[in-house]
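Data first, discussion second: the structure below is written as structure tokens.
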Amino acid sequence: MYKRVLLKLSGEALSSPGNSFDPKILASLAKELKQVHELGVDLAIVVGGGNFIRGKMAETMGIERVQADYMGMLATVINALAVQSALEQEGVPTRVQTAIEMQKVAEPFIVRRANRHLEKSRVVIFGAGTGNPYFSTDTTAALRASEIGADVILMAKNGVDGVYNADPKINPDAVKYDTLTYMDLIQEGLAVMDTTATSMCMDNDIDLVVFNMNEHGNILKAVQGDITGTVITKERK
Ligand code: UDP
């Protein structure tokens with residue numbers, strides 16, 4: 001079992017068709033995270049914002065890229081607050097820290113404080129990405145995992161249970177990989193994360209577990225190292 005994990009949730013993982021947030025999904029997620037918390041694992045979460053807006057998406061709507069990226073980062077803060085609220089309803093102690101300061105809403109990101117919260121068994125939710133345009137929340141996950149010394153990034157995917165050699169939703173013959181190295185991802189062009197996030201995980205030797213979060217119980221299994229997803233490491237194991 002891992003001691004300190006960073007869970008990456010995409011914005012879409014909180015939504016359902018027609019709803020930016022699905023209260024049932026949030027409640028179910030919070031119940032599962034409560035069980036993770038009860039295992040005594042240090043849990044940090046990076047949330048995305050794709051259920052509202054992505055920088056690249058907004059560009060096609062005629063919004064300038066940097067502006068659109070700030071909009072995306074603000075969207076992640078909305079999601080962070082939603083996850084916090086769901087966890088609080090389960091009685092799990094939490095703190096939200098944002099990379100863009102907004103002190104009436106959440107604490108600013110301070111790594112020492114984040115570590116202190118984790119030591120005190122509080123779930124820390126990181127919002128506003130890295131605080132910089134042109135980055136993604138996958139890169140944020142790699143960065144924050146490195147900063148807090150997480151053992152692993154758990155990358156919860158929506159409806160896909162790992163990394164395949166082709167898109168399993170389009171190609172029924174697609175084959176799932178059990179293990180990969182970061183170099184494989186780069187060389188084979190496998191679209192698990194953007195290249196900035198991939199190289200950061202590789203350079204800092206952080207393991208990544210890609211798994212399907214749509215089945216209730218999978219996050220708990222992933223934390224316990226008991227999941228049939230894809231494990232990505234720096235060196236081949
Ligand atoms: N974003 C950014 N810098 C960051 C993190 C995020 O500019 O450090 C912006 C970017 O526009 C991105 C959006 O916030 O598209 C939402 O994040 P992301 O697309 O990673 O969310 P997800 O796909 O995980 O829901």
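The values are calculated or read from the model by the stated rules, or taken from the named source; none is laboratory data. This one's a predicted model, so the numbers in the text were calculated from it and none came from an experiment. Positions of Cβ are generated from backbone atoms using ideal geometry, with glycine treated the same way; all protein chains shown enter the neighbour counts. For the accessible areas, the whole protein counts, side chains as well, though only heavy atoms, and no ligand, DNA or RNA atoms are used. Shrake-Rupley method; radii C 1.70, N 1.55, O 1.52, S 1.80 Å.
Here is a check on your reading of the model: is residue 86 assigned to a helix (DSSP H, G or I) and more than 14 Å from the chain's Cα centre (by Cα)? Yes, satisfied.
If you go through region 78-97 one residue at a time, how many are open to solvent by less than 10 Å² (accessible area, probe 1.4 Å) and within 12 Å of the ligand (Cβ to nearest atom)?
Count: 2.
The residue that is modelled with the lowest pLDDT, among those in region 179-208 that are under 16 Å from residue 165 (Cβ atoms) and assigned to a loop (DSSP other than H, G, I, E, B), is 191.
Taking the criterion of being away from the ligand (no atom under 16 Å from the Cβ), in a loop (DSSP other than H, G, I, E, B) and open to solvent by 40 Å² or more (accessible area, probe 1.4 Å), the residues of region 31-52 that qualify are 39, 40.
When residue 156 is tested against the conditions (1) at pLDDT below 95; (2) of a type in the set (Gly, Ala, Ser); (3) closer than 23 Å to residue 224 by Cα; (4) open to solvent by 50 Å² or more (accessible area, probe 1.4 Å), the lone failure is (4). Set side by side, the residues 157, 237 differ, and just one is over 25 Å from residue 17 (Cβ atoms), in contact (Cβ under 8 Å) with a residue 40 or more places away in the chain and of a type in the set (Lys, Arg), which is 237. Is it the case, given these coordinates, that residue 86 is in contact with a Ser or Thr (Cβ under 6 Å, 6 or more places away or on another chain) and more than 19 Å from residue 155 (Cα to Cα)? Judged against the criteria, residue 86 is not a match.
Residue 74 - would you say it is within 12 Å of the ligand (Cβ to nearest atom), at pLDDT 95 or above, within 18 Å of residue 21 (Cβ to Cβ) and open to solvent by 10 Å² or more (accessible area, probe 1.4 Å)? Full working, then the answer.
On the way: within 12 Å of the ligand (Cβ to nearest atom): yes; at pLDDT 95 or above: yes; within 18 Å of residue 21 (Cβ to Cβ): yes; open to solvent by 10 Å² or more (accessible area, probe 1.4 Å): yes.
Yes, satisfied.
Within region 161-183, the set of residues being open to solvent by less than 60 Å² (accessible area, probe 1.4 Å), out of contact with any strand residue (DSSP E or B) (no Cβ under 6 Å at 6 or more places or on another chain) and aliphatic (A, V, I, L, M) comprises just one member, 166.
Listed by first and then second residue, the pairs linking a residue in region 120-140 that is more than 11 Å from residue 48 (Cα to Cα) and at pLDDT below 95 to a residue that is assigned to a loop (DSSP other than H, G, I, E, B) and within 6 Å of the ligand (Cβ to nearest atom), with Cβ atoms under 7 Å apart and 6 or more places separating them unless they lie on different chains, form an empty list. Restricting attention to region 5-30, the residues that are more than 11 Å from the ligand (Cβ to nearest atom) and among the charged types (D, E, K, R) total 2. The number of residues in region 53-64 being more than 8 Å from the ligand (Cβ to nearest atom), open to solvent by less than 100 Å² (accessible area, probe 1.4 Å) and either part of a loop (DSSP other than H, G, I, E, B) or touching a residue at least 60 places away in the same chain (Cβ under 8 Å) (or both) comes to 2.
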